Amino acid sequence: MNGLWMWLKFAWHNCLRNRRRSLVTASIAMLGTAAILLAGGFAQFTYESLAQAAARDTGHLVLGTPAHFSADEDVPLQYGLDDVAALRSALLADPAVRAVLPRVVFSGLISNGDKTAVMMAQGVEPDAEFAVKGPFLTLQEGALLAGDAAQPQVLLGADLARSLKATPGSSLTLLASTTEGAMNAMDVVVVGTFSTGVPDVDKRAVYTSVPVAQQLLATQRVSSLGVFLDRMESTAAARERLGQQFAPLQVQTWEQQAFFYRSVRDLYNRIFGALGVIIGVIVVFVVTNAMAMAVIERTREIGTLRALGTLPAQLLRSLGLEGMLLGGAGALAGALLALGVALLLLLFPVDMPPPPGRSVGYPLSVSVDPALYLLTMLAMVLLTLLASLLVARKTVHMPVVDALGHT
Amino acid sequence: MMHAPADAAAPVVRMRGVRKTYRLGAHVIPALQGVDLEVQRGELLALTGPSGSGKSTILNLCGLIDTPDEGHIALSGTPVQGLDEAERTLLRRDALGFVFQSFNLVPVMTVAENVDYPLFLAGVSAPERRERVARQLAAVGLQDHARHRPDALSGGQRQRVAIARALIKRPRLVIADEPTASLDSHTADQVLDLMRERCQAEGAAFVIATHDQRLTRRCDRVVALLDGRIQ
């Protein structure tokens, strides 16, 4: 312990020899660490947000027939679920299941009498859907669907409403193929308009109630059941459990349904992974350069220490500690900087512009993940140690006579 | 790692038929051409001669920081041929002290830490090290400068620190390369007195390469070298 303390003290004093150089080296390590932590924290926040949005949209689990997930239907709800009430009761008996929401997904036409547009519609249970899912869409005009409405209601995407010149109270007609393949039509009243933040969706999206959708499609089936759990972490275990319980029906997780989430995660992992590698290389170069200068300047001193009986391994340890101190100080400062920026963003929110294909921005937030902080700091210290050892290796093994004669 | 125990009756250094050449590009420069030399315990031996005569080469070989091309070298009866680099390092650590012309103190260490360093390397306990360092600094008259950095000392004081560092572990042999060359005559006299006194007090042999006539006059024996041969 005393020996390590002596080497540490020696390394610390050596770091202070050329303060400006040490400061620059530690600053690069600091900026590198902060950049990795901020980028990583931003990516993590994005993943968490997208994961929650995806799970909120579909449910943590989706129960359907195997063909529902893999095959294209010839007629609406060809691969839908029957006996929904029994399935729902059985699902709700599971301790991890908080809610079960049936969903009827269909497409068709919507018309105001003068103009007709294509719609992508979902039949939902109005009261439960909006209560369980929370604010998943922005109501722009009117009200949400009512569960006990006397007449059939629809909620329109804002761009679709604009296209059809529909406002709350307007009457429209829905047209769709029934499960038998015949055409059916139904008059509905617009109760409100909403925006999902994705213009392409808002041009086509229609929400109505499950009974209205089933009446239009002339069926008692639903497309799938969205299963909402008590927490995200229950997803894998519940999937395993419910998958066995409801076989041959199939249970998929929100992640299997969330193409956008997976795409963003893959993209960000590559971008931020490459960024991390670049930062790591820069830090290694800077530390290598700083340590190379330090070692060259001290070659004669290294020769003296070798003459006095210091083993090369002991000198390597000392120089490695020196690099680790610089990297460690920089990593610690970088972590504090990243933490400070993350806190500042909480106190003074900054809005990001809308991503491509979206109409609304989102708040810039950075997650603070202790594991990410610990790993990044550890990696920074190891990188600087590696760079120091790489540089010092040759000099500490130089013949003592040559080292003493170095000018 | 252990090395053979010292033979108290044997000379501290025994060199027999030692030859050493250096290569400088295509040129082969004979540095030593068959040198026989013995240094006894407690002896203050001066090596003199013009530049290139082989003084430093003898110091390097005695100090185990270089190896001969031919011949035999023994320290206190222990042959040093065949020792690997780690064994030579540990032998230097335990049995040899070095005093350099330009002091070669570690600038980031205090005076006490410089003197303490060889004991730290040897694994001596902290309380014993403190006591021995204090005693050694008192012996060289620098007890009041223990916490100073070398750059706060005069040249003479620095060389005193170097001598204290060389003697702190009670070595069998101290290698001194032009120890007074960087000092004024008054300070050089003081350093010489100190070396002589510590040589007698510690029983260590000194091998000193020097051009300084005052120093050679006060050594026990003077060996003159010319073209790699003892005259």
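The values are calculated or read from the model by the stated rules, or taken from the named source; none is laboratory data. Nothing here was measured: the structure is a model prediction, and the numbers come from that model. When we count neighbours, we look across all protein chains shown, and the Cβ atoms used for this are built from the backbone with ideal geometry, even at glycine.
Figures for the structure shown
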| quantity | calculated |
| --- | --- |
| Every residue from the range B:76-108 that is in contact with a His (Cβ under 9 Å, 6 or more places away or on another chain), more than 8 Å from chain A (Cβ to nearest Cβ) and under 30 Å from B:ALA188 (Cβ atoms) | B:ALA95 |
| In the range A:59-94, residue nearest to A:THR253 (Cα to Cα) [restricted to those that are in a loop (DSSP other than H, G, I, E, B) and among the charged types (D, E, K, R)] | A:ASP94 |
| Hey, A:ALA307 among the small types (Gly, Ala, Ser), in contact with a strand residue (DSSP E or B) (Cβ under 7 Å, 6 or more places away or on another chain) and touching a residue at least 40 places away in the same chain (Cβ under 8 Å) or not | yes |
| Meets criteria (closer than 29 Å to B:LEU142 by Cα, in contact with a helix residue (DSSP H, G or I) (Cβ under 7 Å, 6 or more places away or on another chain) and either free of Cβ contacts under 8 Å to residues at least 12 places away in the same chain or away from chain A (no Cβ under 11 Å) (or both)) for B:VAL111 | yes |
| Matching option when the condition is closer than 20 Å to B:GLY42 by Cα and touching a Ser or Thr at 6+ places or on another chain (Cβ under 6 Å), among B:VAL207, B:VAL222 | B:VAL222 |
| Condition check for B:VAL124: within 14 Å of another protein chain (Cβ to nearest Cβ) and touching a helix residue (DSSP H, G or I) at 6+ places or on another chain (Cβ under 8 Å) | yes |
| Members of the range A:82-126 that are among the polar types (S, T, N, Q) and within 27 Å of the chain's Cα centre (by Cα) | A:GLN122 |
| Given (1) surrounded by fewer than 21 Cβ atoms within 10 Å (Cβ to Cβ); (2) at pLDDT 90 or above, index of the condition A:ALA121 fails | (1) |
| In the range B:190-200, the residues that are modelled with pLDDT under 80 and basic (Lys, Arg) | B:ARG198 |
| A:VAL281 over 30 Å from B:LEU173 (Cβ atoms) and buried (at least 17 other Cβ atoms within 10 Å of the Cβ) | no |
| Selection within the range A:47-63 - surrounded by 20 or more Cβ atoms within 10 Å (Cβ to Cβ) and either in the same structural domain as A:ASP266 (by TED's automatic domain parsing) or on the phi < 0 side of the Ramachandran plot (or both) | A:ALA54, A:ALA55, A:THR58, A:HIS60, A:LEU61, A:VAL62, A:LEU63 |
| Enumeration of residues in the range A:95-128 that are part of a helix (DSSP H, G or I) and touching a residue at least 40 places away in the same chain (Cβ under 8 Å) | A:PRO126 |
| Any hit, the range B:37-50, residues being within 14 Å of another protein chain (Cβ to nearest Cβ) and either surrounded by 15 or more Cβ atoms within 10 Å (Cβ to Cβ) or under 16 Å from B:MET15 (Cβ atoms) (or both) | no |
| A:ALA71 in the same structural domain as A:TYR268 (by TED's automatic domain parsing), more than 28 Å from A:PHE130 (Cα to Cα), among the small types (Gly, Ala, Ser) and at pLDDT 85 or above | no |
| Extreme residue, surrounded by the most Cβ atoms within 10 Å (Cβ to Cβ), among residues of the range B:89-137 that are among the polar types (S, T, N, Q) and closer than 11 Å to B:ALA162 by Cβ | B:ASN114 |
| Residues within the range A:1-20 that are touching an Asp or Glu at 6+ places or on another chain (Cβ under 7 Å) and facing chain B (nearest Cβ under 7 Å), tallied | 1 |
| Helices (runs of 4 or more DSSP H) fully within the range A:249-328 counting 2 or more residues that are away from chain B (no Cβ under 14 Å) and over 30 Å from A:ASN18 (Cβ atoms) | A:254-257, A:259-297 |
| Hey, B:GLY156 modelled with pLDDT under 90, on the phi < 0 side of the Ramachandran plot and more than 9 Å from chain A (Cβ to nearest Cβ) or not | yes |
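Let's see how each residue does on (1) at pLDDT 90 or above; (2) surrounded by fewer than 24 Cβ atoms within 10 Å (Cβ to Cβ); (3) of a type outside the set (Phe, Trp, Tyr):
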| site | (1), (2), (3) |
| --- | --- |
| B:ARG149 | yes, yes, yes |
| B:ALA162 | yes, no, yes |
| B:ALA176 | yes, no, yes |
| B:PRO179 | no, no, yes |
| B:LEU183 | no, yes, yes |
| B:GLU202 | no, yes, yes |
| B:ILE208 | yes, no, yes |
